[in-house]
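Heads up: the structure comes next, in C-alpha cells.
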Amino acid sequence: MKFTDAKFVKDFCAMADDGWKLGWHERNGGNLSYRVKKEEVESVKENFKAGEWKPIGTNVPGLKNEYFLVTGSGKFFRNVILDPEDSICMIELDDKGENYRIVWGLVNGGRPTSELPSHLMNHEVKVKINPDYRVIYHAHTTNMIALTFVLPLEDKVFTRELWEMATECPVVFPDGVGVVNWMVPGGRDIAVATSKLMEKYDLAVWAHHGMFAAGPDFDITFGLMHTAEKAAEILVKVLSMSPKKLQTITPDNFRSLAKDFNVNLPEEFLYEK
Ligand code: 2HA
Ligand code: ZN
C-alpha cells in the first residue's frame, strides 16, 4: 500500500489540518506524534528507506523498537495535508530506546519535531499506565496561553476554573489539568516536567506557550484539546466582562454530576473559594 493511503496516515494529516484551521499552529508552531500499531507498520513497510541512527536526546527504554509517525522540526502544520512527504516522517526506535532513525518521509531533509524528547517521554509514561494510549499532541492554543498570564500557575486553579466553564469539562477531563511554569522548550528538562504531570493528567499546560494532550486515538486527543481550549475561551470572555462571576457551577453541583455521570472528580479540585 502507498504510505499516504494508509488510514492512520490520513487520520494523522486530517488532525493536523483541523488544528491548523482552528488557528493553533501559526508558522511551525505545534507538533503531533502517533505510536503506530504493529499491523499498521506491516501494512506500509514496503515504502521504508532507513536513514542513519541518531540520538533522541533522552532515554525511553519503555518504547524500544516502537515506530512513531511525527511532524517534522520547522515544518508547518498548514502543509501537512498538502505535502505529507515533506512535512512528516515515520521513525523507528532502537532496541534500547536511545536512538531513532527515519524510515519514511521528510524527503527534502530535516528531522523529527524539536519536541521529540517531550513526545517520547510522554508516550513512555502513558504506555505504562495504559497501553492503548497512542497520541501526543502539542498546540499553541490562544486562549489557554492567554490565561497563563492572569491565573496562578497551579493545577488546582486551572482545573477548577476550566471545569466551571462548561458542564462537559469535568466529564471530558475528570483527572484535571497540570501546569508547567515557563521553561525553555525543546529539551529534556521540560520533557521531564511534562511527563511527570502525564502520570496524573491527560492534559498539561505550558505557561506562555501552549498545551500537551495525550489520548488513545486522534479523535479523543483532538477532542480533549478542543474542549479545554473552548473552556479557556469562555473563561477569557467571562474575565473580560467582569473579574467576578455572579453564579457558577458549585462544588456540590460537581459532586452531583460525578454521581450521575459515573466519573470520579478528585476532592482536591472541589475546594471552597
Ligand atoms: O515550533 O511548538 O514547542 C514547534 C513548537 C515548539
Ligand atoms: Zn510549541
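The values are calculated or read from the model by the stated rules, or taken from the named source; none is laboratory data. Predicted, not measured: the structure shown is a model, and the values here were computed from it. Neighbour counts are summed over all protein chains in view; Cβ atoms, including those assigned to glycine, are modelled from backbone coordinates with ideal geometry.
When residues in the stretch 174-192 are screened for being closer than 30 Å to Ala258 by Cα and either acidic (Asp, Glu) or at pLDDT below 95 (or both), 1 of them pass. When Ala193 is tested against the conditions (1) assigned to a loop (DSSP other than H, G, I, E, B); (2) over 26 Å from Arg255 (Cα atoms); (3) of a type in the set (Gly, Ala, Ser), the lone failure is (1).
Within the stretch 135-190, the set of residues being assigned to a loop (DSSP other than H, G, I, E, B), within 16 Å of ligand 1 (Cβ to nearest atom) and crowded, with 23+ Cβ neighbours inside 10 Å comprises Thr141 only. Scanning the stretch 214-226 for residues that are farther than 16 Å from Thr148 by Cβ and crowded, with 20+ Cβ neighbours inside 10 Å yields Ala214, Gly215, Phe218, Thr221, Phe222, Leu224.
Scanning the stretch 255-273 for residues that are under 16 Å from Asp155 (Cβ atoms), touching a residue at least 60 places away in the same chain (Cβ under 8 Å) and part of a helix (DSSP H, G or I) gives Glu268, Phe269. Within the stretch 21-43, residues that are at positive phi and of a type outside the set (D, E, K, R) reach partners that are within 16 Å of ligand 2 (Cβ to nearest atom) and part of a strand (DSSP E or B) with beta carbons closer than 9 Å, at six or more positions or on different chains, in the pairs Gly30/Thr71; Gly30/Tyr137; Gly30/His138; Gly30/Ala139; Gly30/Gly210. Of all residues in the stretch 230-240, at least one satisfies being of a type in the set (Asp, Glu) and either in a loop (DSSP other than H, G, I, E, B) or in contact (Cβ under 8 Å) with a residue 40 or more places away in the chain (or both). Here Gly57 fulfils each of the conditions (1) within 16 Å of ligand 1 (Cβ to nearest atom); (2) under 22 Å from Tyr133 (Cβ atoms); (3) in a helix (DSSP H, G or I) apart from (3). Name the residue that is nearest to ligand 1 (Cβ to nearest atom), counting only residues in the stretch 199-222 that are among the hydrophobic types (A, V, I, L, M, F, W, C) and more than 16 Å from Ser118 (Cα to Cα). By that ranking, first place goes to Phe222.
Sort out which residues of the stretch 199-227 are among the aliphatic types (A, V, I, L, M) and within 16 Å of ligand 2 (Cβ to nearest atom), and write them in order of number.
Initial filter on the stretch 199-227 (among the aliphatic types (A, V, I, L, M)): 203-205, 207, 211, 213-214, 220, 224-225.
Hits for the stretch 199-227 are Leu203, Ala204, Val205, Ala207, Met211, Ala213, Ala214, Met225.
Contact map, the stretch 103-115: residues that are part of a strand (DSSP E or B) paired with residues that are within 16 Å of ligand 2 (Cβ to nearest atom) and among the β-branched types (Val, Ile, Thr), Cβ distance under 7 Å, separation 6+ or inter-chain. Pairs shown: Pro112/Val70.
Summed over the stretch 4-20, residues that are in a helix (DSSP H, G or I), buried (at least 17 other Cβ atoms within 10 Å of the Cβ) and either among the hydrophobic types (A, V, I, L, M, F, W, C) or on the phi > 0 side of the Ramachandran plot (or both) total 7.
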